[in-house]
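Please read the structure below before turning to the comments.
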Amino acid sequence: MLQSEVTSNPNHEENKNMVSDKAHVLDSATPVARMRKDGLMERLTLTVGRASLTSIVVLSLLLLGKSSYATTFTEIGDTGNLPGTAQIASVVGLLTEIHGTLSPADGDAQDMYLIHIAGSGTFSATTVGGIGFDSELFLFDASGKGVYANDDVASRDFAPSTLPAGNPLTPITAGDYYLAITQCCSAPISSGGQIFTIAGPNHRALSGPTGAGGDSPVTGYSGGFVQIPTLGGPYQIFLTGAHFTGTHAAVVSEPHTFALMLAGLGMMGFIGRHHRKIKSKPS
């Protein structure tokens, strides 16, 4: 009796039909839900990919515009002492130091280097803290004509030398220049005579090309050598506002910049392949 009542109960049959209809709806909705999920994931992947790619590209461009790291140039063998024989500082980077050696007893009393100066009065050169003998520093323009010079820093004798930044004699125009260092008291001359007046009472002063030969390019050197405190030896010239020759025309990227750019290209390729795979799937 109870079994027949349950079997013939209309409410029970209605509940079974409702459950069946819900299951059918869920089954039919599953492909739609999957398509929506795939579409959402595609948009999310593309959005994140584009954002990541944009960040990588922007960061790479910022690094491309950034000056390269500071670098030291070291004399190779024995550099010459005139524009035609000067060593060219041609490695990438900001030039912050030049290292070399003078040996006056062996005929090596002057060294010259071709560098690039940024201009705007930012250039400076000094041997303070980087030398053990009485040095002199001279700067010449690209034609070999004198710009400015110094024997001893102020208030000292037999001392290091300094070509300061921000002085009226400091170069304002960017370009290639020749920087020379000598053992005192070997001074540059031209066809007209001494280029600078740094001898005698002027040895502590900063000098422009005020000598008799100041209007002509350097052709050689004159004068003897002071052996106080020593005769020659290793030197370090510390610089500001200078670059290696050839790096001012085009910025050369550092390795990590190229790595970022390659990562950006890889991300772009991955996003493109993923997008094509999604589009190629059957509906």
- [ ] Considering the convex hull of the alpha carbon atoms of the stretch 164-208, report its projected area averaged over all viewing directions, in nm², one decimal.
- [x] 4.2 nm²
TODO: Put one equal scatterer on each alpha carbon of the stretch 145-225, apply the Debye formula with no solvent term, and list log10 I(q)/I(0) at q = 0.13, 0.14, 0.17 1/Å to two decimals.
DONE: -0.37, -0.44, -0.65
- [ ] Can you work out the PRE-style zone for Thr240? Point 7 Å along Cα to Cβ, and I want the residues of the stretch 108-137 with backbone N under 19 Å.
- [x] 116-131, 137
Task: At most 16 other Cβ within 10 Å, DSSP loop - chymotrypsin sites (Phe, Trp or Tyr not before Pro), the stretch 122-219 - done: Phe158
- [ ] Give, in nm to one decimal, the length gained when the segment between Ser222 and Ala174 is fully stretched (0.36 nm per residue of separation minus the Cα-Cα distance).
- [x] 14.3 nm
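Rule-based calculations on the coordinates, nothing more; no lab input. If you're wondering where the values come from, they're calculated on a predicted model, not measured in any experiment. Neighbour counts run over all protein chains shown; Cβ positions are idealised from the backbone, glycine included.
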